[in-house]
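Scroll down for the structure; my scribbles are underneath it.
The values are calculated or read from the model by the stated rules, or taken from the named source; none is laboratory data. Just so you know, these numbers come straight off a predicted model, no measurement behind them. Glycine also receives a Cβ, built like all others from the backbone with ideal geometry; neighbour counts cover every protein chain displayed.
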Amino acid sequence: MGKEGKGLKRCSTSTDVEASDRKSRKPLEKAETELQNLETQVNPQKRKKKYEIKEMKKLRKSFQEMTETMKNLQEFFLGRADLPGITMKEEAPEEPKGEMEGSAEYECCFETEDSDANVDHAVLVVGIDTCLAREDIKSALRKHFESGGCQVSRIFVPIECQTGVPLGSAFILVDDKQKALRCRGAYMGKSVFLVLLAEDQEFSVTFPNFRGCPKCPLFRMKHRQRNWLARR
């Protein structure tokens, strides 16, 4: 019995099987870990490269749009073209449209030839009754200053573009500004107006409560260009 007992081998237990299984899985787990680490290093580089390509496309598109805008502005200033959506050319008057077909057209404050004057060489009249019509104000001012011995070459009465209501001020080009300054203190409608040197005043005084319209900067730039070309 003793010899037979020595010849028997111990049976493998579940603990031994699990230990052997863990030992066999270690190389596989190590390989998976190395693969994950490699993907972690590569993926950010791929994402960064895609992001850089996307940003370059955006910059290229913005540059093309800017180039096209500069080209349109250059042609506009040279008088060869109009800006998109806005035309400075004189067109034949159209028939009035009904209320359902479109909104009424309005006159920009700087659309008249009188606004082309160099206001730095003019006198400024403030305190004009805004209930008066634009043409009535111009006629009354011309009569008043000419009666005071001034030669009036141009009168510009600013208005609010959307409504056409005068702002209560006016620029007058005269031959003698000192003589024009002595013409103050007269009535214009129900108000007494003052005469000042336009070059000494701020925009808030010359154009009080002025809101303007999208056409204003375009007309003013065109006036400056015309005056600059005239001085050359």
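Residues that are surrounded by fewer than 16 Cβ atoms within 10 Å (Cβ to Cβ) number at least 2 in the following strands (runs of 3 or more DSSP E) confined to region 123-232: 194-197.
Looking at R154, R220, R224, which one is without any contact (Cβ under 8 Å) to a residue 24 or more places away in the chain and closer than 16 Å to S115 by Cα?
Values: R154 fails: without any contact (Cβ under 8 Å) to a residue 24 or more places away in the chain; R220 fails: without any contact (Cβ under 8 Å) to a residue 24 or more places away in the chain.
From the options R154, R220, R224, the qualifying one is R224.
If the condition is being among the aromatic types (F, W, Y), within 26 Å of the chain's Cα centre (by Cα) and modelled with pLDDT of 85 or more, then region 190-232 contributes F207, F210, F219.
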